[in-house]
Amino acid sequence: MAYDTKNVFAKILRGEIPCQRVYEDEHVLAFKDINPKAPVHILVIPKGEYASFMEFSTHASQDEVANFFAAIAKIVKALKLPESGFRLVVNNGPDSGEEVPHFHMHILGGKRLGGMA
Ligand code: AMP
């Protein structure tokens, strides 16, 4: 799938639109979801141009993949979510309802989340 450089997360990465940043390193940016589904709703994105989970897992370097998951763990710990529980969600493709064609992982928490929809 060709990467669409006009997608909203690409614009956030270029600084063209604002975000509420919670974490950033060389490979990763994390920010608050604009339409939160839980008291804590963070989106974690790689800085590389990967349109989906499948693109990221197939084409990203081992460093990028390892760094991505390490960043998630750092954010979860910084937000003090591990003890109360949290959920990680990735939507991939139209059947999942994926809206933004730049790979992202949702971190949800801060309340009892109930069952998966
Ligand atoms: P998905 O359905 O997995 O593609 O999730 C896309 C998410 O991006 C949704 O939860 C949106 O609320 C969120 N979103 C869209 N635009 C923005 C934005 N400008 N800043 C923060 N989150 C956004």
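The values are calculated or read from the model by the stated rules, or taken from the named source; none is laboratory data. Note that this is a predicted model, so its numbers are computed, not measured. Because the Cβ atoms are built from the backbone with ideal geometry, glycine has one as well, and the counts that use them run over all protein chains shown. Areas reflect the complete protein model, heavy atoms only, side chains present, ligands, DNA and RNA absent. Shrake-Rupley method; radii C 1.70, N 1.55, O 1.52, S 1.80 Å.
Relative contact order of the chain, taken over Cα pairs closer than 8 Å and 6 or more residues apart, is 32 percent. Summarise the accessible area of the chain (1.4 Å probe, protein heavy atoms) by the percent that is carbon and sulfur. Of the solvent-accessible surface of the chain, carbon and sulfur hold 53 percent. Only one residue of His102, Gly85, Ile72 has its Cα farthest out toward the positive end of the dipole of the chain, where Lys and Arg carry +1 and Asp and Glu -1 on Cβ, and that residue is Gly85.
If only the Cβ of Lys and Arg carry +1 and only the Cβ of Asp and Glu carry -1, the dipole of the chain around its Cα centre is close to 620 debye. Counting only DSSP H runs of at least 4 residues, each contributing -39500 (n - 2.57), and dividing by the residue count of the chain, the helix-based mean residue ellipticity at 222 nm comes to -7500 deg cm²/dmol. Spin-label pair Leu113-Asp63: with each label point 7 Å from Cα along the Cα-Cβ axis, the two points sit 3.1 nm from one another. Pairs over the 29 Å Cα-Cα cut-off, from the set Lys11/Lys37; Lys11/Lys111; Lys6/Lys77; Lys74/Lys111: Lys11/Lys111; Lys6/Lys77. Cβ-Cβ distance of Met54 and Arg14, R₀ of 25 Å, FRET efficiency by 1/(1 + (r/R0)^6): the value works out to about 0.60.
Placing pseudo-labels 7 Å out from each Cα toward the beta carbon at Val100 and Ala70 gives an inter-label distance of 2.4 nm.
With protein chains left intact and a 1.4 Å probe, residues in the chain average 62 Å² of accessible area per residue. Comparing Asn92, Asn35, Asn67 in a Gaussian network model of the chain, where Cα atoms under 10 Å apart are tied by springs, the biggest mean-square fluctuation is seen for Asn35. Axis angle, to the nearest 10 degrees, between helix 62-78 and the longest C-alpha principal axis of the chain: 30 degrees.
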